[in-house]
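The next block holds one structure in the form of structure tokens; read it before the comments.
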Ligand SMILES: [Mg+2]
């Protein structure tokens, strides 16, 4: 199998690292693939930071990569809109600096919440400085016909203690207010993996998606006809696997990336 796979797409949280801790086998597997000249990409539903941040974070963990090989949902949203003839249109971004930087990088102009001028597109990401005024601006522009895009639809933002509302909570608020449905870019939709495949020039059968969340990472891979591997270092435990519905079931289950590397016959370390 390993010979026919050109693109290895890794989710980050629960696959490569957990918090600040790099997970077993992650550096070795990535290094081994890079030595073989394979395409290694990282796909994450994150909306908060620019891709540079993740490249730096990986570097600190001993994984060498460039921002161009990291597909965040924020970047994927800006990329998706830029590819669909929206460049130069006015965007209202409900989000933080990382999201803004991705849009600026692709040549978009954005409006702020105190501008009366309506936007053409409303993009909803995670915004820890959200205000009622921002919600009002987003809702009135959507109601007036702006395109309504959710960077992802995650209901919660997982943190160590308790929960924090995620992007999906704001998408839901705006859907309720406007009676419209958002187009969601992030996982389990397929956009991010499609971008990685396009950049790597890989077909679905040459792609392996590696994740820890069956109803997100694995579903995304399966929808596109890619190969899928689930690692048990994140949200899924071994006892959950037999209970997975057919559409969430991966081809390969591995305890961690070290185990997955051995299953694939990689020379590790
Ligand atoms: Mg994950």
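For the reader, a short list of remarks on this structure follows.
- Tensor-based shape of segment 1-144 (alpha-carbon gyration tensor, a/c under 1.5 rounded, otherwise prolate or oblate): prolate
- Protection proxy ranking, peptides 251-258, 200-207, average beta carbon neighbours within 10 Å, highest first: 251-258, 200-207
- Size of the chain as Cα extents on the principal axes (Å, biggest first): 59, 36, 33
- Counting only alpha carbon atoms, the long axis of helix 73-83 and the longest principal axis of the chain meet at about 70°.
- Net length gained if the chain between residue 169 and residue 117 were fully extended (0.36 nm per residue, minus Cα distance): 16.1 nm
- Per residue, the convex hull spanned by the Cα atoms of segment 86-184 amounts to 95 cubic angstrom.
- If R0 equals 22 Å, the separation of the Cβ atoms of residue 246 and residue 1 corresponds to a calculated FRET efficiency of about 0.55.
- Segment 20-53-segment 221-269 distance, computed between alpha-carbon centres (Å): 16
- Note on segment 156-269: antiparallel DSSP beta bridges, both residues inside, total approximately 30 percent of the bridges counted.
- For segment 16-147, share of DSSP beta bridges that run antiparallel, in % to the nearest 5: 15
- Projected label points at residue 205 and residue 144, each 7 Å from Cα along the beta carbon direction, are separated by 5.1 nanometres.
- DSSP-defined antiparallel bridges as percent of all bridges, the chain, nearest 5: 15
- The average projected area of segment 1-43, computed from the convex hull of its Cα atoms over all directions, is 3.1 nm².
- Between residue 97 and residue 18, the simple label model (points 7 Å from Cα in the Cβ direction) yields a spacing of 3.0 nm.
- Length gained on full extension, residue 133 to residue 104, computed as 0.36 nm times the residue gap minus the Cα-Cα distance: 8.2 nm.
- Kirkwood hydrodynamic radius of segment 149-269, Cα pairs, Å: 15.9
- Virtual spin-label span in nm between residue 83 and residue 267, 7 Å along Cα→Cβ: 3.5
- Based on DSSP H segments of at least four residues, each scored -39500 (n - 2.57), the chain has a per-residue ellipticity at 222 nm of -9000 deg cm²/dmol.
- Near-label residues of segment 73-87 by backbone N, under 16 Å of a point 7 Å along Cα→Cβ of residue 53: 73-78
Read-outs throughout are calculated quantities, based only on the coordinates presented, and are distinct from any laboratory measurement. These numbers were taken from a predicted model, which means no experiment stands behind them. Here the Cβ is made from the backbone with ideal geometry for all residues, glycine too, and neighbour counts use every protein chain on show.
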